[in-house]
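Accompanying notes for the structure given below.
The values are calculated or read from the model by the stated rules, or taken from the named source; none is laboratory data. None of the values given here were measured: they were computed from a predicted structure. Don't worry about glycine lacking a Cβ; one is built from the backbone with ideal geometry, like all the others, and counts go over all protein chains shown.
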Amino acid sequence: MRYVTGLPAGTSNSARHARWPLLGRLARLAGVSAVLFVAACGSPAQQAQSKPPPPAVVVEAARMKDLSEERNFTGRIEAIDKVQLQARVQGFLKARDFEEGTEVKKGRLLFEIEPESFQIAVAQAEAGLANAQAALTLAQQTYDRTKQLVSQAAQSQSQLDSALASLMQAKAMVEAQQASLRAARLNLSYTRIEAPMDGRVGRATYSVGDLVGPTSNALVTLVAQDPMYVTFPVPQELLLEVRKSGISANSFAVRIRLADGTTYDHEGRIAFAAVQATAATDSVIVRATIPNPDRLLVDQEIVNVMVIRKKAQPKLVISQSALLLDQQGPYVLAVGSDKKVAIKRITTGQQRGPLIVVNSGLKAGEKVIVSGHQKVRPGMLVSPEMASDASVKASG
């Protein structure tokens, strides 16, 4: 018996064709089984390779930094001296010798009231004084003669007493006329209204030709410009804390922030604290003196006041980007030496630019996540990278 291609000799062609498809299917099944077997043998390595790596986060170490203690308040600029100039005598305004809004020096003539009637009053007072002095001279001579005659028994004592009374009346009249003259001259001087100090004049209330007097409104307001006061309320609790610590007012500097957000160039010093607290707010008004050479500060202007302790104190700080907040309060996500994430509840202090002071809950050197918070949760293993290294890579 012969076999051709695995079939007995004499096998018909139809039988051979029926046999080949069966063998093909068996061969394909065997190939699939081999592939599945190889895949099954390699699955652990593939599974290990497909496991995602720990998420990358950027961390920063909490650190100690010398910071000056700072408190912020809302304050108001006030002029040290502010005068409302009033007319002391009645009359018509003759002149106004200034431009509104300009600065004037002490002694500068601002207004003049028509002086003629007051000059006449001075002349009358001078004449009255001269008359009284003449009467005094006569009374003195009369007294002297009468006294001599009485010593010679040529006059009675009653005549001497009468001469003495006349002399005393003449002296009193002279004094009265002298007072009248001084009053007349004083009223005449009041016709010239001068600046009692250096300062800036405001808007004039009256014009030339108006009738003014002691019952009129203020003619103009004169405001001193340099230095100025800045007043601000300090909570009683904070003020007590400072007083109990024994820190003097000279240990603090006062800086102000203007309406445009810029910090004023000049530094002030605390000059005064009120002796009574404000009942409504339980705060004490504190007043500081601050230079105003450039005239940037204006009376009654509202500013932000920063009271800064001159001697810096070491404080634990972190970047604000590390701070998170929930219903329980502020916290950070810390990364330990095992590269696992943990929640750290903290209490915060003052904000200093991009940094925030940590009063408790962290220690210097502990690493906190500053970027990548959304990719992690407590207990997760992470791949930390220091913020300084990350910034170098980003710049490169």
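Can you tell me which residue among L186, L222, L240 is free of Cβ contacts under 8 Å to residues at least 12 places away in the same chain, over 20 Å from V305 (Cβ atoms) and not in a loop (DSSP other than H, G, I, E, B)? Quick ask: steps written out before the conclusion?
On the way: L222 fails: free of Cβ contacts under 8 Å to residues at least 12 places away in the same chain; L240 fails: over 20 Å from V305 (Cβ atoms).
Matching residue, one of L186, L222, L240: L186.
Could you say which residue among A334, A288 is buried (at least 17 other Cβ atoms within 10 Å of the Cβ) and over 30 Å from V254 (Cβ atoms)?
Unique residue meeting the criteria: A334.
Of everything in segment 233-270 that's of a type in the set (G, A, S) and either in contact with a Ser or Thr (Cβ under 9 Å, 6 or more places away or on another chain) or surrounded by 11 or more Cβ atoms within 10 Å (Cβ to Cβ) (or both), which residue is nearest to I290 (Cα to Cα)? Walk me through how you get there before you give the answer.
Step one: of segment 233-270, the residues of a type in the set (G, A, S) are 245-246, 248-249, 251, 253, 259, 261, 268.
If we keep only those that are either in contact with a Ser or Thr (Cβ under 9 Å, 6 or more places away or on another chain) or surrounded by 11 or more Cβ atoms within 10 Å (Cβ to Cβ) (or both) too, we end up with 249, 251, 253, 268.
On the way: A249: 14, S251: 16, A253: 10, G268: 4 Å.
Ranking the qualifying residues of segment 233-270, first place goes to G268.
Is it fair to say G128 is within 30 Å of A163 (Cβ to Cβ), in contact (Cβ under 8 Å) with a residue 12 or more places away in the chain and not charged (D, E, K, R)? Step through it out loud before you land on a result.
Details: within 30 Å of A163 (Cβ to Cβ): yes; in contact (Cβ under 8 Å) with a residue 12 or more places away in the chain: yes; not charged (D, E, K, R): yes.
So G128 passes the test.
What do you reckon, is E60 at pLDDT 90 or above, touching a helix residue (DSSP H, G or I) at 6+ places or on another chain (Cβ under 9 Å) and among the acidic types (D, E)?
Values: at pLDDT 90 or above: yes; touching a helix residue (DSSP H, G or I) at 6+ places or on another chain (Cβ under 9 Å): yes; among the acidic types (D, E): yes.
The answer is yes for E60.
Would you mind finding the one in R192, R182 that is among the charged types (D, E, K, R) and over 30 Å from D144 (Cβ atoms)? Steps first, answer last, please.
Working: R182 fails: over 30 Å from D144 (Cβ atoms).
Residue meeting the stated conditions: R192.
Please go through segment 243-264 and pick out each residue that is of a type outside the set (V, I, T) and in contact (Cβ under 8 Å) with a residue 12 or more places away in the chain.
Hits for segment 243-264 are A249, N250, S251, F252, A253, R255, R257, L258, A259, Y264.
Tell me which of these V234 doesn't satisfy, since it passes every other one: (1) assigned to a strand (DSSP E or B); (2) of a type in the set (A, V, I, L, M); (3) more than 28 Å from L296 (Cα to Cα).
The single condition V234 does not satisfy is (3).
Does segment 290-341 hold any residues that are within 15 Å of the chain's Cα centre (by Cα) and in a strand (DSSP E or B), and which are they?
Within segment 290-341, I290, I302, V303, N304, V305, M306, V307, I308, R309 qualify.
Checking the conditions here, which among T137, T146, T142, T215 is among the hydroxyl-bearing types (S, T, Y), free of Cβ contacts under 8 Å to residues at least 40 places away in the same chain, exposed (fewer than 13 other Cβ atoms within 10 Å of the Cβ) and assigned to a helix (DSSP H, G or I)?
Selected residue: T137, the only one of T137, T146, T142, T215 that is among the hydroxyl-bearing types (S, T, Y), free of Cβ contacts under 8 Å to residues at least 40 places away in the same chain, exposed (fewer than 13 other Cβ atoms within 10 Å of the Cβ) and assigned to a helix (DSSP H, G or I).
Which one of the conditions (1) exposed (fewer than 12 other Cβ atoms within 10 Å of the Cβ); (2) over 30 Å from Y264 (Cβ atoms); (3) touching a Phe, Trp or Tyr at 6+ places or on another chain (Cβ under 9 Å) does K344 fail to meet, given that it meets all the rest?
Evaluating K344 over (1) exposed (fewer than 12 other Cβ atoms within 10 Å of the Cβ); (2) over 30 Å from Y264 (Cβ atoms); (3) touching a Phe, Trp or Tyr at 6+ places or on another chain (Cβ under 9 Å) leaves (1) as the failure.
Among the numbered criteria (1) under 25 Å from R76 (Cα atoms); (2) not in a strand (DSSP E or B), which one does V286 miss?
(2)
Being surrounded by 14 or more Cβ atoms within 10 Å (Cβ to Cβ), over 16 Å from the mean Cα position of the chain (by Cα) and modelled with pLDDT under 90 is true for just one of L85, L67. Which residue is that? Talk me through it step by step, then tell me what you get.
Details: L85 fails: modelled with pLDDT under 90.
Checking each option against the conditions leaves just L67.
Step by step: first the residues of segment 243-276, then only those that are under 22 Å from I80 (Cβ atoms) and outside any strand (DSSP E or B), then the one that is nearest to the chain's Cα centre (by Cα). Which residue is that?
L258
For the structure I just gave you, tell me whether T142 is assigned by TED's automatic domain parsing to the domain that holds G199 and of a type in the set (S, T, N, Q).
yes
Residues checked against (1) among the hydroxyl-bearing types (S, T, Y); (2) touching a Lys or Arg at 6+ places or on another chain (Cβ under 8 Å); (3) surrounded by 14 or more Cβ atoms within 10 Å (Cβ to Cβ):
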| residue | (1), (2), (3) |
| --- | --- |
| E116 | no, no, no |
| N131 | no, no, no |
| A163 | no, yes, yes |
| A179 | no, no, no |
| Y190 | yes, yes, yes |
| A204 | no, yes, yes |
| G209 | no, no, no |
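Taking the criterion of being hydroxyl-bearing (S, T, Y), more than 16 Å from V83 (Cα to Cα) and assigned to a loop (DSSP other than H, G, I, E, B), would at least one residue in segment 159-178 satisfy it? Quick ask: steps written out before the conclusion?
Quick first cut of segment 159-178, residues hydroxyl-bearing (S, T, Y) only: 162, 166.
When the remaining residues are screened for being more than 16 Å from V83 (Cα to Cα), the result is 162, 166.
Adding the requirement that they be assigned to a loop (DSSP other than H, G, I, E, B) leaves none.
No, segment 159-178 contains no residue that is hydroxyl-bearing (S, T, Y), more than 16 Å from V83 (Cα to Cα) and assigned to a loop (DSSP other than H, G, I, E, B).
Looking at segment 283-300, is at least one residue without any contact (Cβ under 8 Å) to a residue 12 or more places away in the chain and of a type in the set (A, V, I, L, M)?
no
Which number in (1) surrounded by fewer than 17 Cβ atoms within 10 Å (Cβ to Cβ); (2) under 25 Å from G246 (Cα atoms); (3) modelled with pLDDT of 90 or more; (4) not aromatic (F, W, Y) marks the one condition that A312 misses?
Single failed check for A312: (3).
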